[in-house]
Amino acid sequence: MSAYYLAILQGAVMTVGVSLAALLVAVLLGLAGAAAKLSGRPVLKALATGYTTLVRGVPELVLMLLVFYGGTIGLNHLLELAGSEATVDINPFLAGVLTIGFIYGAYMTETFRGAILAIPKGQAEAAWAFGMGRAQAFARITAPQMVRYALPGFTNNWLVLIKATALVSLIGLQEMTYLAKQASAATRSPFAFFLFTAGLFLLYTSVSLYLLRRLNARYSLGVRRGQA
């Protein structure tokens, strides 16, 4: 039995890897989506709105299967049209990371957009008046304040993202949920292994919540002093 628990612990490392890689994709897409929605350009705004609407309307499991199976079929069809006899199989880790990142990038888009809108426009205008370019004003004025406003929503998105990594077990990636299912099938003791897996997820989310609360307190420290 101990070998199965050890295997699940090894799969937990894979879960962390998927979570962090997907978070990076989600943050990049979220920043791009927020910039598009706030750009004032109709085409970019429409694309970003379509992106967030799609993710909100389609279940995560369906998107995961579409990327994994549909992507594989599509790539092989393109190779066939190009006259190649080679076949391509999408890596489950890559499919999982891209799909989860794509999904939570939409939620990050709204989080970052709301955070930027919460910052008074006069601050950016003052930075431009002092001769700062838009990129410089964003890096020095907007971004630090955006972090403070975005952290509560970012925390919620990250906690849900961690739990969503369990979906990648359905496409064969050997993370801890997949290995718990394999151990359950081999020993016919599903309760113990899934309870152990649930405990690992709870540990991840609890540690994440503690660290992000500390980070939020740090970014809010000056504001609290100012209000006092």
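Within the group 95, 7, 12, 34, which residue is of a type in the set (Gly, Ala, Ser), touching a residue at least 24 places away in the same chain (Cβ under 8 Å), part of a helix (DSSP H, G or I) and under 25 Å from residue 139 (Cβ atoms)? Give the derivation first.
Values: 95 fails: under 25 Å from residue 139 (Cβ atoms); 7 fails: under 25 Å from residue 139 (Cβ atoms); 12 fails: under 25 Å from residue 139 (Cβ atoms).
None of the others qualify; the one that does is 34.
Out of the residues in the stretch 52-76 meeting the condition of being over 22 Å from residue 163 (Cβ atoms) and out of contact with any Ser or Thr (no Cβ under 7 Å at 6 or more places or on another chain), tell me which one is surrounded by the most Cβ atoms within 10 Å (Cβ to Cβ). Explain how you work it out, then say what you get.
The initial filter retains those residues of the stretch 52-76 that are over 22 Å from residue 163 (Cβ atoms), namely 53, 69-76.
Going one step further and asking which of them are out of contact with any Ser or Thr (no Cβ under 7 Å at 6 or more places or on another chain), we end up with 53, 69-75.
Details: 53: 11, 69: 13, 70: 12, 71: 17, 72: 15, 73: 12, 74: 14, 75: 14.
Among residues in the stretch 52-76 that are over 22 Å from residue 163 (Cβ atoms) and out of contact with any Ser or Thr (no Cβ under 7 Å at 6 or more places or on another chain), the one surrounded by the most Cβ atoms within 10 Å (Cβ to Cβ) is 71.
Evaluating residue 79 against the criteria (1) of a type in the set (A, V, I, L, M); (2) crowded, with 17+ Cβ neighbours inside 10 Å; (3) over 21 Å from residue 39 (Cβ atoms) leaves one unmet condition, (2).
Residue check: residue 88 meets all listed conditions (1) modelled with pLDDT of 85 or more; (2) surrounded by fewer than 17 Cβ atoms within 10 Å (Cβ to Cβ) but one, namely (1). Checked against the criteria, residue 211 does not count as surrounded by 15 or more Cβ atoms within 10 Å (Cβ to Cβ) and either part of a helix (DSSP H, G or I) or hydrophobic (A, V, I, L, M, F, W, C) (or both). Selection of first residues in the stretch 106-127 that are closer than 17 Å to residue 52 by Cα and of second residues that are exposed (fewer than 13 other Cβ atoms within 10 Å of the Cβ), restricted to Cβ pairs under 8 Å at least 6 apart or on distinct chains, gives the following pairs, ordered by first then second residue: 106/56. The listed residues are 21, 48, 95, and the only one of them that is at pLDDT 90 or above and within 30 Å of residue 177 (Cα to Cα) turns out to be 21.
Taken over the stretch 48-73, the residue count meeting the criterion of being over 21 Å from residue 90 (Cα atoms) and either assigned to a loop (DSSP other than H, G, I, E, B) or touching a residue at least 40 places away in the same chain (Cβ under 8 Å) (or both) is 7.
Yes/no matrix, rows are residues, columns are (1) more than 16 Å from the chain's Cα centre (by Cα); (2) within 30 Å of residue 115 (Cα to Cα):
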| site | (1), (2) |
| --- | --- |
| 10 | yes, no |
| 28 | no, yes |
| 34 | no, yes |
| 46 | yes, yes |
| 49 | yes, yes |
| 60 | no, yes |
| 69 | yes, no |
| 89 | yes, no |
| 98 | no, yes |
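Of the numbered criteria (1) among the aliphatic types (A, V, I, L, M); (2) surrounded by 16 or more Cβ atoms within 10 Å (Cβ to Cβ); (3) closer than 15 Å to residue 23 by Cα, the one residue 94 fails is (2).
For residue 127, are the conditions met, namely being touching a Lys or Arg at 6+ places or on another chain (Cβ under 8 Å) and either farther than 30 Å from residue 57 by Cβ or surrounded by fewer than 17 Cβ atoms within 10 Å (Cβ to Cβ) (or both)?
Working: touching a Lys or Arg at 6+ places or on another chain (Cβ under 8 Å): yes; either farther than 30 Å from residue 57 by Cβ or surrounded by fewer than 17 Cβ atoms within 10 Å (Cβ to Cβ) (or both): yes.
Yes: the conditions hold for residue 127.
Scanning the stretch 141-150 for residues that are under 29 Å from residue 219 (Cα atoms), of a type outside the set (S, T, N, Q) and loosely packed, with under 14 Cβ neighbours inside 10 Å turns up at least one hit.
Kindly evaluate residue 7 against the criterion of being over 19 Å from residue 98 (Cα atoms), of a type outside the set (Asp, Glu) and surrounded by 14 or more Cβ atoms within 10 Å (Cβ to Cβ). Don't jump to the end; show me each part of the working.
Details: over 19 Å from residue 98 (Cα atoms): yes; of a type outside the set (Asp, Glu): yes; surrounded by 14 or more Cβ atoms within 10 Å (Cβ to Cβ): yes.
The answer is yes for residue 7.
Does residue 116 count as under 30 Å from residue 62 (Cβ atoms) and part of a helix (DSSP H, G or I)? Walk me through it before giving the result.
Numbers: under 30 Å from residue 62 (Cβ atoms): no; part of a helix (DSSP H, G or I): yes.
Here the answer is no, as residue 116 does not meet what is asked.
Annotation: residue 175 fulfils all but one of (1) at pLDDT 85 or above; (2) charged (D, E, K, R); (3) within 30 Å of residue 1 (Cβ to Cβ); (4) surrounded by fewer than 16 Cβ atoms within 10 Å (Cβ to Cβ); the unmet one is (4).
Going by the conditions given, is residue 204 assigned to a helix (DSSP H, G or I), of a type outside the set (Gly, Ala, Ser), under 16 Å from residue 17 (Cα atoms) and at pLDDT 85 or above? Judged against the criteria, residue 204 is a match.
The values are calculated or read from the model by the stated rules, or taken from the named source; none is laboratory data. Owing to the predicted nature of the structure, the values given are computational and were not obtained by experimental measurement. Methodologically, a virtual Cβ is constructed for each residue, glycine included, from the backbone with ideal geometry; neighbour enumeration extends over all protein chains shown.
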